[in-house]
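Here is the structure we will look at, set down as structure tokens.
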Amino acid sequence: MKILIVEDDPVSRRLLESFLSGWGHDVQLAVNGREAWAILQNPDAPNLVVSDWMMPEMDGLELCRRIRATGKSGYTYFIILTAKGKKEDIVKGLEAGADDFLVKPFSHEELKCRIRIGERILTLEGRILELANTDALTGMLNRRAFINRMEAELHRAMRRREPFALIMVDIDHFKKINDAYGHQAGDLVLKNFTNVLAASIRPYDLAARYGGEEFILCLPGTSGRQAESVAERIRSNIAAETIEFTDQSEPVRITASFGVAAFSLGGDDTIDAVINRADGALYRAKGGGRNRVCLAQE
């Protein structure tokens, strides 16, 4: 686990680093709250902080208040270290947003236990976030999580002047499968379909269940024409798959229709606009006979 130590005293800082590194943690160091705050702005910043209270430039309580005031996704667990052991001091620290309080001097075993508590809470928070952002059946991102991730992708593309493309996918005649074989068979089709999608894209591409039998993909650094080729490859992979429901039934093949649209770097394009263009292209693919790819006009 990544842990940020914020301590102005060099001896205490080295001692804490020795303990935490020895327990297998990835440790970063800051000498005051201002330096720690800068570190915490990084996307891969630690989400567990062990901070002294009294420090120059910015003390531990002010650092904690700033962390709690931000809308940063993901929780930061904050442990305050201090020589102040009075009840009113503890209350003041907790009111500032601290999760735990260690009064100096403390044993390394006590510190280890407090760190473990923080790890358990952060692990639990991670599981809750995963459940909130994941489609329960397919294990893919859900629609809300995908849109949130797309906001970051849009800003990245605009900053780097790099393209990205969206692919909207809809399983053809999915209702007929549910009607003929039942909803459990339909769930099996969705899971199999998800596996094909996941195996056909890059690790850093985004994939989500958009709703029902409709899925959406985001391909960073990809033009519309390149995404069209990717969609055609996925379409071919899906059409080649066979799915067996029971020993008595014949293997079933499914097909899918694809709509592709690229983000335009030259104007004031939005995520909603790109999704609408991809959806329009998907509508044309389905209207044109299904099992095909259509690229939206740039």
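The values are calculated or read from the model by the stated rules, or taken from the named source; none is laboratory data. Quick caveat, the model's predicted, so the values are computed rather than measured. All Cβ positions, glycine included, derive from the backbone under ideal geometry; neighbour counts span all protein chains shown. What goes into the accessible areas is simple: the full protein's heavy atoms, side chains included, and nothing from ligands, DNA or RNA. Shrake-Rupley method; radii C 1.70, N 1.55, O 1.52, S 1.80 Å.
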Percent carbon-and-sulfur accessible area, the range 193-235, ignoring ligands, DNA and RNA, probe 1.4 Å | 50 percent
What is the Cα convex hull volume of the range 1-106 when expressed per residue in Å³?
-> 90 Å³
Taking a probe of 1.4 angstrom, what is the accessible area of residue 294 in Å², to the nearest 10?
-> 20 Å²
If N is the residue count of the range 222-289, its Cα Rg over 2.2 N^0.38 Å rounds to 1.46
Placed amide H near residue 134: partners under 5 Å, 5+ positions off or other chain = 142
Can you list the equivalent-ellipsoid semi-axes of the chain, largest first and in whole Å, using the square root of 5 times each Cα gyration tensor eigenvalue?
-> 50, 23, 15
How big is the C-alpha Rg of the range 154-298 next to the rule-of-thumb value 2.2 N^0.38 Å, as a ratio?
-> 1.09
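Tally the DSSP beta bridges in the chain and give the antiparallel ones as a percent, rounded to 5.
Details: 21 of 43 bridges.
The antiparallel proportion sits near 50 percent.
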Could you give the C-alpha radius of gyration of the range 125-186 expressed as a fraction of 2.2 N^0.38 Å, taking N as the number of residues it contains?
-> 1.57
With charges only on Cβ, +1 for K and R and -1 for D and E, what is the dipole size of the chain about its Cα centre, in debye, rounded to 20?
-> 280 debye
Over all distinct alpha-carbon pairs, what is the Kirkwood Rh of the range 68-130 in angstrom?
-> 13.0 Å
